[in-house]
Every structure is written in C-alpha cells, then in structure tokens.
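This report concerns only the one structure given below.
The values are calculated or read from the model by the stated rules, or taken from the named source; none is laboratory data. Since the model is a prediction, treat every value here as computed from it, not as a measurement. Here the Cβ is made from the backbone with ideal geometry for all residues, glycine too, and neighbour counts use every protein chain on show.
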Amino acid sequence: MRRQERLRLLGILRDGMANGGAVHGEGVVESPLSDFTCPDLLAEEQRVFFRETPLFMGLSADLPENGSYWADSETGLPILMTRDDAGEFRAFANTCRHRGAQVVPEGRGNGPRFSCPFHAWTYSNRGDLIAVNRAERFGDFDKAGRGLIELPCAEKYGMLWVRPTPGDEIDVDAALAGLEDDMAHWELPEHSYGASQIIPANVNWKLAVDTFGENYHFDVLHRETLANDIRGNLQTHDTFGSNYRMVFASIPGFAEANAKEPNIENWPFRRLTLSVYFIYPNTIFLVDGAAVDVVRIFPDGNSTRKSKTAHSFYVRPQVRAYFEDPEFPERRYEDRFEGFNNVVVNEDYKMAESTQRCAETGIQSHVLFGRNEPALLHYHNAHRRGLGRPLLEAR
Ligand code: FES
Ligand SMILES: [Fe+2]
C-alpha cells in the first residue's frame with residue numbers, strides 16, 4: 001500500500017473517530033437465506049470456487065526452507081505443497097498413482113521424499129515417482145508418466161496460491177486485482193509461521209465468511225471483547241475486483257497518536273489499524289501490528305450447514321523474538337488463539353449458527369444488508385458473479 005493511500009485511510013479513520021464516519025452502501029439490500037441452505041448451490045460452489053479458482057493458501061513461511069512440505073485437504077482435494085531442493089514452490093494432488101491412497105498425512109514437515117503408507121511407492125519433492133516397492137514383482141510400466149499429479153501454483157509477495165485442478169498457470173496479480181501494492185507493502189516474506197488451528201462450525205461456509213464482513217456489531221456482540229480495542233461502526237471501504245478491503249481503527253492506538261503526534265504523516269499505520277481483506281473466493285486476511293492471520297473458510301464435505309475454518313497466523317520478526325526468547329519458555333504462539341477464539345468462535349460463529357438454524361426453518365426468505373455493511377453485498381455479489389447468478393441490488 002503506497003504512502004498516499006495509507007494517509008488517505010488514516011485521514012478517514014481519524015475524522016471518523018471524531019464524527020462517527022461515513023456509510024458506504026447505496027441502500028438496503030435483500031439477500032436470500034436459501035443461499036445458505038441450497039445443496040445444488042453448494043455443489044456448484046464446490047466445483048467453481050474450490051476446484052477451478054486459484055486459492056490463497058498461506059504464506060511463504062508455510063514452507064520455510066528447501067525440503068519443507070505441507071499437506072492440506074481443506075479444499076476437498078488432498079493437496080501436497082512442497083519447496084523442492086531448488087527452493088521452488090510446487091503443489092500436487094496428494095494421491096498415490098498406484099491405488100490412489102493419500103501419500104502424505106495432513107501436516108507439515110521437512111523431508112526430500114515421500115513414501116506411500118499403503119505399498120511404499122516413493123515420490124520426490126518434485127513429484128517424481130522414484131521407487132516402486134518390489135518393482136520386479138509388480139510388473140513393467142512407464143514410471144516417468146506416473147509422478148504425482150501437478151497442480152498450478154504460484155508464490156508472489158510472500159503468498160502461496162494453488163488451483164486444485166491441473167491446467168493453466170496462476171496469475172497472482174490478476175487474482176489480487178489491484179491489491180498488489182498492499183501485499184508488497186506488508187513485507188509478507190519477512191513473517192514467520194506462528195501456529196494453525198481448524199475450527200469446525202455448524203454454519204454454511206459463506207455465513208462464516210459474512211461474520212468478518214462488518215463492524216456494525218462490534219459494540220453489541222463484542223462489547224466485552226473486541227469493542228475495547230477496535231472502534232465499531234467505523235471502516236474504510238475499497239473494492240479490488242472480487243476482493244475487498246476495509247480498515248478499522250485501534251481505539252488505544254488512535255488515542256495515543258492523537259495525544260502524541262499532531263502530524264498524521266508520522267503516524268504508524270500498521271500499529272494503529274486492523275486491515276481486513278476478503279480475498280476471493282474464501283479467505284479473510286487480517287493485518288495488525290504484530291501479525292497477519294490467514295483465515296480460509298471451506299464447506300465441510302457436502303453439508304450446506306457445516307464449515308471448516310483453517311486459521312494460521314504469521315508473525316513479524318520482532319514478535320518472533322518475543323516468543324522465542326529462551327528466558328521466557330512459557331510464551332507460546334498458540335496463546336494468540338485464545339483472544340481470536342473468544343471473539344470468532346464464542347461470539348461470531350455462535351451468532352452465525354443461530355442464523356443458520358433460522359435459515360433452515362424457512363420462516364423468513366430474505367435478510368437485509370444495510371448501507372453500513374457494504375462488504376456483505378460485495379462478498380455475495382462476487383460469489384454470484386463467479387457462478388453467473390443474478391446480482392443482489394440495493395433497493
Ligand atoms: S496406493 Fe500408494 S503405494 Fe499402493
Ligand atoms: Fe465479529
């Protein structure tokens with residue numbers, strides 16, 4: 001994000017802190033609750049969003065060195081990501097070419113080759129089939145054509161992208177659609193891996209995405225938690241193709257900056273704000289002063305009412321030094337989950353589960369997005385556009 005842009009956003013937030021801030025939507029929008037309950041729609045979403053669309057998976061720090069690997073099946077297709085011996089990022093369908101078993105169990109590690117747990121066929125981290133157990137008994141075939149199936153992948157700005165279907169290369173800049181400056185600015189390659197968790201929830205995956213789509217609710221639902229840190233009902237609003245960015249103001253940060261430094265040009269943007277990105281089609285990307293969070297939200301199997309949230313966070317170098325100080329062995333990266341889960345799991349997802357239950361009763365067909373909830377309209381229309389469905393419109 002360029003300096004002028006940071007100053008523009010800080011100016012909006014500083015003025016908003018003083019006078020309440022603007023609303024950005026054109027009007028109130030009706031959105032059908034059947035979007036959270038329709039099995040045919042979910043099947044279409046699975047095919048288009050989770051197989052055919054490039055997905056933002058994580059950061060370069062997920063594969064910190066040559067030989068690192070990460071096996072992740074949240075898209076529905078087991079995916080093996082590696083950093084090969086030359087340092088290149090690669091992605092494969094994590095399924096054996098012998099009888100189709102998953103080769104590498106879920107998780108992360110380091111190793112130059114992978115042996116299938118079924119009959120011990122072995123693959124390199126470039127995907128080549130390098131050994132067939134008791135090959136003389138198995139019989140002849142062309143090993144060269146039986147490597148792991150390669151998936152399109154790309155690494156840029158410290159982001160890892162994969163499309164879970166073989167085919168054309170991924171154009172990361174096209175997927176970012178104008179967010180390239182932002183991503184370059186956050187110095188993502190300098191961040192190191194913190195920790196990961198998977199959050200199962202009894203909500204449609206889009207309803208889970210929606211919980212990150214406005215801060216109208218902060219002073220109510222989060223009055224005991226987040227509302228102490230982040231100013232509710234105040235956000236910036238910018239769209240980048242199907243992606244979205246809103247920036248929130250840190251209450252203690254702005255108070256301190258206002259008291260200490262009259263010139264906004266000297267304000268430290270990252271320490272004063274929480275930037276919340278929607279990266280199409282399923283990822284929320286959060287940037288605060290200490291870390292970035294990648295929150296990838298998926299349907300859980302073929303259920304319209306279940307989702308899985310794969311949450312990883314990555315820390316700035318100074319924060320890593322704090323956590324890895326040998327004098328303080330009690331400091332744990334995982335402790336960050338406590339604050340996150342107090343808000344997202346105990347408050348947001350709990351509320352979303354009640355919406356899901358209501359949606360399934362059919363008692364009301366539509367709900368409303370306000371002018372102060374513009375991201376929701378953007379998310380829903382980005383998904384509708386992706387599937388060629390009619391767009392929602394403000395009344
Ligand atoms: S299925 Fe992998 S070695 Fe047989
Ligand atoms: Fe929330």
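What is the one condition in (1) in a helix (DSSP H, G or I); (2) within 16 Å of ligand 2 (Cβ to nearest atom) that Phe254 does not satisfy? Single failed check for Phe254: (2). Within region 1-14, residues that are in contact (Cβ under 8 Å) with a residue 60 or more places away in the chain reach partners that are among the charged types (D, E, K, R) with beta carbons closer than 7 Å, at six or more positions or on different chains, in the pairs Met1/Asp181; Met1/Asp182; Arg2/Asp181; Leu7/Glu265. Filtering region 90-118 down to residues that are among the aromatic types (Phe, Trp, Tyr) and within 11 Å of ligand 1 (Cβ to nearest atom), which residue is nearest to Ile130 (Cα to Cα)? Only one residue fits best here, namely Phe114.
Annotation for region 1-12: no member residue is outside the structural domain of Glu150 (by TED's automatic domain parsing), small (Gly, Ala, Ser), over 22 Å from Ala154 (Cβ atoms) and buried (at least 18 other Cβ atoms within 10 Å of the Cβ).
In the list Asp84, Asp15, which residue meets the criterion of being of a type in the set (Asp, Glu), outside the structural domain of Asp182 (by TED's automatic domain parsing) and more than 25 Å from Val295 (Cα to Cα)? Show your work before the answer.
Numbers: Asp15 fails: outside the structural domain of Asp182 (by TED's automatic domain parsing).
Of the residues listed, the single one that is of a type in the set (Asp, Glu), outside the structural domain of Asp182 (by TED's automatic domain parsing) and more than 25 Å from Val295 (Cα to Cα) is Asp84.
Could you tell me how many of the residues in region 363-385 are without any contact (Cβ under 8 Å) to a residue 60 or more places away in the chain and loosely packed, with under 14 Cβ neighbours inside 10 Å?
Residues of region 363-385 that are without any contact (Cβ under 8 Å) to a residue 60 or more places away in the chain, as a first pass: 363, 381, 384.
Still in the running and loosely packed, with under 14 Cβ neighbours inside 10 Å: 363.
Summing the residues that are without any contact (Cβ under 8 Å) to a residue 60 or more places away in the chain and loosely packed, with under 14 Cβ neighbours inside 10 Å in region 363-385 gives 1.
Within region 361-379, being within 14 Å of Val28 (Cα to Cα) and outside any loop (DSSP other than H, G, I, E, B) holds for His366, Val367, Leu368, Phe369, Pro374, Ala375, Leu376, Leu377, His378.
In a residue-by-residue description of region 369-380, the property of being closer than 17 Å to Leu33 by Cβ and more than 16 Å from ligand 2 (Cβ to nearest atom) applies to at least one position. Every condition in (1) away from ligand 2 (no atom under 16 Å from the Cβ); (2) within 23 Å of Glu44 (Cβ to Cβ); (3) crowded, with 18+ Cβ neighbours inside 10 Å is met by Gly241 except one, and the failing one is (3).
Filtered by the rule that a residue be in contact (Cβ under 8 Å) with a residue 24 or more places away in the chain, in contact with a Gly (Cβ under 7 Å, 6 or more places away or on another chain) and more than 30 Å from Val162 (Cβ to Cβ), region 250-285 gives Ile264, Leu272. Among the residues that make up region 113-134, is at least one of them within 29 Å of Tyr280 (Cα to Cα), among the acidic types (Asp, Glu) and not assigned by TED's automatic domain parsing to the domain that holds Lys306? Checked against the condition, which is being within 29 Å of Tyr280 (Cα to Cα), among the acidic types (Asp, Glu) and not assigned by TED's automatic domain parsing to the domain that holds Lys306, region 113-134 yields no hits at all.
Scan region 177-222 for residues that are within 14 Å of the chain's Cα centre (by Cα) and either hydroxyl-bearing (Ser, Thr, Tyr) or within 16 Å of ligand 1 (Cβ to nearest atom) (or both) and the total you get is 2.
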